[in-house]
There are 4 protein chains.
Amino acid sequence: MVTGRNENLTGRIRLGMVGGGNDAFIGGVHRIASRIDDQYELVAGALSSTPEKSRASGEALGLPRIYDDFKQMAIREARRKDGIEAVSIVTPNHVHYEAAREFLKRGIHVICDKPLTSTLGDAKKLVKAAEASDALFILTHNYTGYPMVRQAKAMVEAGDIGKIRVVQVEYPQDWLTIEQDFKQAEWRTDPTRSGAGGSTGDIGTHAYNLACFITGLEAEELAADLEAFVPGRQVDDNAHVMLRFNGGAKGMLWSSQVAPGNENALRIRVYGEKGGLEWAQEDPNYLWFTPFGEPKRLITRGGAGSGEAAARVSRIPPGHPEGYLEGFANIYTEAARAILAKRTGAAVDADVVYPTVADGLKGVTFVDACVRSSKRNAAWVKL
Amino acid sequence: MVTGRNENLTGRIRLGMVGGGNDAFIGGVHRIASRIDDQYELVAGALSSTPEKSRASGEALGLPRIYDDFKQMAIREARRKDGIEAVSIVTPNHVHYEAAREFLKRGIHVICDKPLTSTLGDAKKLVKAAEASDALFILTHNYTGYPMVRQAKAMVEAGDIGKIRVVQVEYPQDWLTIEQDFKQAEWRTDPTRSGAGGSTGDIGTHAYNLACFITGLEAEELAADLEAFVPGRQVDDNAHVMLRFNGGAKGMLWSSQVAPGNENALRIRVYGEKGGLEWAQEDPNYLWFTPFGEPKRLITRGGAGSGEAAARVSRIPPGHPEGYLEGFANIYTEAARAILAKRTGAAVDADVVYPTVADGLKGVTFVDACVRSSKRNAAWVKL
Amino acid sequence: MVTGRNENLTGRIRLGMVGGGNDAFIGGVHRIASRIDDQYELVAGALSSTPEKSRASGEALGLPRIYDDFKQMAIREARRKDGIEAVSIVTPNHVHYEAAREFLKRGIHVICDKPLTSTLGDAKKLVKAAEASDALFILTHNYTGYPMVRQAKAMVEAGDIGKIRVVQVEYPQDWLTIEQDFKQAEWRTDPTRSGAGGSTGDIGTHAYNLACFITGLEAEELAADLEAFVPGRQVDDNAHVMLRFNGGAKGMLWSSQVAPGNENALRIRVYGEKGGLEWAQEDPNYLWFTPFGEPKRLITRGGAGSGEAAARVSRIPPGHPEGYLEGFANIYTEAARAILAKRTGAAVDADVVYPTVADGLKGVTFVDACVRSSKRNAAWVKL
Amino acid sequence: MVTGRNENLTGRIRLGMVGGGNDAFIGGVHRIASRIDDQYELVAGALSSTPEKSRASGEALGLPRIYDDFKQMAIREARRKDGIEAVSIVTPNHVHYEAAREFLKRGIHVICDKPLTSTLGDAKKLVKAAEASDALFILTHNYTGYPMVRQAKAMVEAGDIGKIRVVQVEYPQDWLTIEQDFKQAEWRTDPTRSGAGGSTGDIGTHAYNLACFITGLEAEELAADLEAFVPGRQVDDNAHVMLRFNGGAKGMLWSSQVAPGNENALRIRVYGEKGGLEWAQEDPNYLWFTPFGEPKRLITRGGAGSGEAAARVSRIPPGHPEGYLEGFANIYTEAARAILAKRTGAAVDADVVYPTVADGLKGVTFVDACVRSSKRNAAWVKL
């Protein structure tokens, strides 16, 4: 039996939040994720795009300090002795760059939702801003926080499946099968806020990031056939992508928002010279492992065959499912380890892993490459 | 898409904890569960059976107030203006009654792990203590907190499967297949601390509680064939139970700690005159519903066919799995709703549901009946 | 890759059939099963209870020789030089004994559907008739023909799961959830034709036989709580049974015809001191094996970990599912091996396995014990 | 409950076989398939490429008439009054055309394994040969015989999922993960016998055929990235293909022989404007159907929601799995219906469906297009 080791052993990190007001989904996720391992205390926020909404949302949460906008928050918090040490940015994509910049330049750590930005230009500028800052930048590609994703990565690194040949990754959803007009759908299908990629940006980036994270590979080129099936939609709602990775592995990536019967069916299958691994986000406590020539094995989180890489981001015994929020919390807790090390000047533990601004750039580059390829009739383009 | 509504809208409830020191599993679960919806702040504890261990564990958690024992804690906290409003009791079973009594009689709400007590005598006394107190008593039969368990209960109440005929419930594990000597195993197989039931008390009570919760039925009599398969074990590690419910339904219950390949495989199937429902704890976001004569349907948490009963204890969209900790947190959050209402004298919302001391008594009665029946060669005994 | 070895290498066995007329389900199954491995040629039949129907059914099948009743068929075929060598008896249960007797006493091999008879008295007489005859008696407990059931049995024998402790077996269906009046339902719920057991006789016997076949154990006593949930039904449609096996293993058996969402959900789980095995009839090409302390393994028919016991009753490579008819055919082919050996006086291969009249008696004894126990308020009765 | 209706009502069709000798897998499959519904009697064969082997194999099967080669067989059988009416051709691919031609021109119906031929040139010639003959040509794209594939096709035709947008189809295997030298592997990886496509020809054609069969669509163009991962292999063992169908639907097709953990994991998912369908060959009795906005439904073969298209090719009740051989037998039985109609000059029933020489040409065209595209760096090519 494995029991987690994530209890808070020190003072909580003072956290602010940009975006995440009343009608946002992802803000609440970030707040819960920040609480699970008791590493953060949310003390300030600029939760909406207008001062009125921001205030209403902040009061609803009982926030000690509520700001009209993120710039004001960055300036004032930076001046306070008890100001925030880190900020979560959970706005629509097009705001990520500007918001992050304000905090980074004032030495406040940034925990930012994905994709990194809505344009490749912004992404490159944000990389520079992060490099120029002493503050940390953590991107919440949350699926890398799942224990069995960590386990899969560790098994690939250990050579359990041999040299990788084939990567099949997909992230189908169905919620945009028809035209939707609620807020979550609205900004995600508006290229000025979401970016040029629709499904590619919103979920394809997750799929691509997951493939790279587990395999340790990167795509060198891709060919993408994007489509907007719903009439009038300005961004892709379905993407078929062929990938060629460094080292010779090949892959397919499918992202879709128009596949009825799929909720968040992110799934990855990796095949090497010696074995195969299969994992699905909706059943995240299971990892299927087939050493070639042996029976398929079901490795459960914390069960037999599950090792240290999963155990260190796991809280409860096998057979008691952990889910999306715990995986998300793992990103926050990894970030907390790095932030707390920063506080004291200590070195960060070598096993701390979180997605960085560089991963974010790769994601935006992936979207950009998909859009470029698709415009050229799915020709191969370099990443 | 359904988004939860569990954000903390008021000041946190001041919480203490009895038991749950360094090497306990369930203490950490309670602490995380208390934080997820931001309703509690843990401020005091008597975390172990010895003052030394209690102090070490308390300091490790950074607790503001650490006590040598629960009685001292009850007395002193009751006197403080900022004393705890509620206490979580997460000790081995035989301590539940004495600890709970101390807090109840001082008006401090009790959130107690299951089973209620290690003996039927203690259970009855605890019921009286709870009745005599103005404080609330919440038992963490946490599986009733899973959204799709709530959904199942709601569907039974709505008549979706008609009058119930058959209830099949089981909770197999495998961790005690061989003799184990670590702490979790050690007290659970010691009748003086765990009670006369082994698997029946530790997990059979969960299975029985779940069956009653979903169906709204209670067993009138049972016949139990208990066995301790591992040589030298003093309590049952496998239990076969036949049940007869009020209203004529019949059931089977199986609990086992010696079934290799089962981690926490709690599973329930309920069949009525019009349909069937199936749910499994290890895949808790799914509820299978078959209206007789129609195809089986997969209802996902928050997806189509999932209603308000699930939504009000759910935080994230369908396809993003919630797990054990979120289900556990739902018990804490339901308790918080009741506690906060108490604070202000307001009426508790009618939809707030949590297991009570009466449910706890039923669980201990179930264990007692199993042991009595088994001693009489599995004769039928009344509950 | 495993390829089967079941091709017919000699002349076909001349086969007759009793029962199995136009509106019967099981007759067609037997006919297909007899053809799959090309060991039999159906040449005669008395397919119905009336001469008219028998003739119509026989003509529809293009049978060379059609008889008005089974006695006439037995007498005349026994006299022919090219008369049938074997007969399949697929009538309702109450006819089995009388029909089988007629053929056995004339030296014609009998392949009989289960349960053996509708009464324990008939069963005992049939055992004697079979013992007195030089002809073979094969009972089509067809589930023992599934390759992965053979594999499970072989693994138990090899000690892969150690000494058996717990056996959980169940066979739920839903087709009798409401009153049905078509032929298949009608005779199965009539105790004069089906026997005193309803679900116990029709499917409980299968479950019990499967448990004994795989484990090599026999129940010494049982306690059964039978119920007829549908108003007016004269035989049980749901049975809860606790079992105590020789050697100390314990089990539960559930048969039901009123469990909506279950078609033919026969499933067995066997747990021993060293591991566990799980198999389900509706997904018969999979066998789940968990050595205690290791990950669960999925053994597929013919795949890695699947051995000779499965291979010898398997025809096609892994990943190409075999089903119910192939499993049924395996009983016919095992019978053919024995019958062909009889023809030449050769010894039957040691690996030939099929259910016998003794197994049939055990099944009827099981039903009788269930009925006796249930009448005595589910008291323990010896088998 | 649905019971099949496939019993033989007339004299058996006299069948010959070319190929399918002792060490071939697919020959045995064809023979069993031909027997299941009792429509054929195998009476002649030229089972191997050499007279000696042909004789040995024929004698092992007890064939009445054994020939040294297929040409001899075609000539002599055509002259006999009781000569074969149909021939099954189950040789390696490069022999299909020549063998088929000999029988077609003599008016003997041909039942031929897939792919149609090893080259596009041969395929076109075979189409002409079939068109010029009065005899029927049936291609055993056997997966179209599965009842739930028929059901899926019927549901698409009925508009249950609306206009199709996305088709995801895949056929991964793992048996060629390493170099193999047994016969089945050897000819399949030799382009002179198998054709220019490796996985594309052997299993990609099945996947493509299945997609077209269910959706009623055809690909207009494709882009294929083929790879031979195993060193020295001369044909592809992994293929990534993007498809554009007539009417605007898009698809991905993956075939692989190097994906450890996959046996014959043919799987298709079809998504339209109103719903989605999912089916997997290894669990063929299940069809998953999600009407957009409703819970996913599990339609079982013969169960609720399963209609006439499945029932007419189904033999046993729901919950009793049918498998690969029954699906294969359905092709033979559909062929028998057409052949028997030919015998008498009657019209074939409108619901008789089997893959034709035209479907075969499409398959070879698909392989050819994959190879052409891949040579041009996965450029789009027309089919």
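Laboratory data are not the source of any read-out in this text; all were calculated from the coordinates shown. Just so it is clear, the structure is predicted and the values come from calculations on it, not from any experiment. Positions of Cβ are generated from backbone atoms using ideal geometry, with glycine treated the same way; all protein chains shown enter the neighbour counts.
For C:LYS382, a cut-off of 28 angstrom between C-alpha atoms picks up these lysines, skipping any fewer than 8 places away in its own chain: B:LYS250, B:LYS375, B:LYS382, C:LYS114, C:LYS124, C:LYS125, C:LYS128, C:LYS153, C:LYS163, C:LYS250, C:LYS362. For C:ASP23, the label point sits 7 Å beyond Cα toward Cβ; its separations from the matching points on the remaining copies run 5.4, 6.2, 7.1 nm, from shortest to longest. The residues neighbouring A:ALA350, those whose beta-carbon lies less than 15 Å from its own, together hold a net charge of -1 under the Lys/Arg +1, Asp/Glu -1 convention. Modelled spin-label separation between D:GLU294 and C:ILE178, with each label point placed 7 Å from Cα along the Cα-to-Cβ direction: 1.9 nm. On the beta carbon distance between A:ARG376 and D:LYS81, with R0 = 41 Å, the FRET formula returns roughly 0.05.
For the protein assembly as shown, the percent of C-alpha pairs falling in each 20 Å distance bin, counted from 0 to the bin holding the largest distance, reads 9, 34, 36, 17, 4, 0. In a reduced charge model with +1 at each Lys and Arg Cβ and -1 at each Asp and Glu Cβ, region B:245-377 shows a dipole moment near 420 debye about its Cα centre. Footprinting exposure proxy ranking of D:PHE328, C:PHE182, C:PHE25, fewest other C-beta atoms within 10 angstrom first, gives C:PHE182, C:PHE25, D:PHE328.
Taking each DSSP H run with n ≥ 4 as -39500 (n - 2.57) and averaging over every residue of chain C yields -10500 deg cm²/dmol at 222 nm. Positive end of the dipole of chain A (Cβ unit charges, origin at the Cα centre): among A:ALA239, A:GLY45, A:ALA228, the Cα lying farthest that way belongs to A:GLY45. Inter-copy label distances at C:ASN377, using a point 7 Å along Cα-to-Cβ, come to 1.4, 8.5, 8.6 nm with the shortest given first.
Normalising by residue count, region A:10-118 has a Cα convex hull of 91 Å³ per residue. Dipole size of region D:77-229 about its Cα centre, with +1 on Lys/Arg Cβ and -1 on Asp/Glu Cβ: approximately 720 debye, rounded to the nearest 20.
Which of the DSSP-defined H helices in chain B satisfy a minimum axial length of 20 Å, computed from C-alpha atoms, and a minimum mean Kyte-Doolittle hydropathy of -0.5?
Numbers: long enough: B:324-344 (31 Å, 0.03); B:357-375 (27 Å, 0.37).
Sorted by number, the helices that extend far enough and score high enough are B:324-344, B:357-375.
If only the Cβ of Lys and Arg carry +1 and only the Cβ of Asp and Glu carry -1, the dipole of the protein assembly as shown around its Cα centre is close to 0 debye.
Report the calculated FRET efficiency for B:TRP187 and B:GLU220 (r = Cβ-Cβ distance, R0 = 25 Å), to the nearest 0.05.
Values: r = 32 Å, r/R0 = 1.28.
Result of the calculation: an efficiency of 0.20.
Averaging over all projection directions, the Cα-based convex hull of region B:286-348 occupies 5.6 nm² in the image plane.
For region D:258-264, putting each phi into the Karplus relation 6.51 cos²θ - 1.76 cosθ + 1.60 with θ = phi - 60° gives couplings of 10, 10, x, x, 10, 8, 9 Hz, in residue order, rounded to whole numbers and with x for Gly and Pro.
Near C:ILE164, within a Cβ-to-Cβ distance under 13 Å, what is the net charge of the other residues, with Lys and Arg +1 and Asp and Glu -1?
On the way: positive: C:LYS153, C:LYS163, C:ARG165, C:ARG244, C:LYS250, C:ARG269, C:LYS274; negative: B:GLU227, C:GLU157, C:ASP160, C:GLU218, C:GLU273.
Charge balance near C:ILE164 sits at +2.
Positive end of the dipole of region D:1-156 (Cβ unit charges, origin at the Cα centre): among D:GLY27, D:VAL95, D:SER133, the Cα lying farthest that way belongs to D:SER133. Loop-only trypsin sites (Lys or Arg not before Pro) in region B:62-92, please: DSSP not H, G, I, E or B, and at most 13 other Cβ atoms within 10 Å. Listed in order of number, the matching sites are B:ARG80, B:LYS81.
Over the Cα atoms of region B:306-383, the radius of gyration divided by the Kirkwood radius equals 1.16; this is the Rg/Rh ratio. Summing +1 for each Lys or Arg and -1 for each Asp or Glu among the other residues whose beta-carbon sits under 14 angstrom from that of A:CYS112 gives -2.
Springs between Cα atoms under 10 Å define the GNM used for chain A, and in it the highest mean-square fluctuation of A:MET148, A:MET17, A:MET242 occurs at A:MET242.
Label-to-label distances for D:ASP68 across copies, nearest first, come out at 5.8, 10.2, 10.6 nm, using points 7 Å from Cα in the beta-carbon direction. Distance from the axis that maps chain D onto chain B is least for the Cβ of the chain D residue given, with the whole Å value, as D:ARG297, 3.
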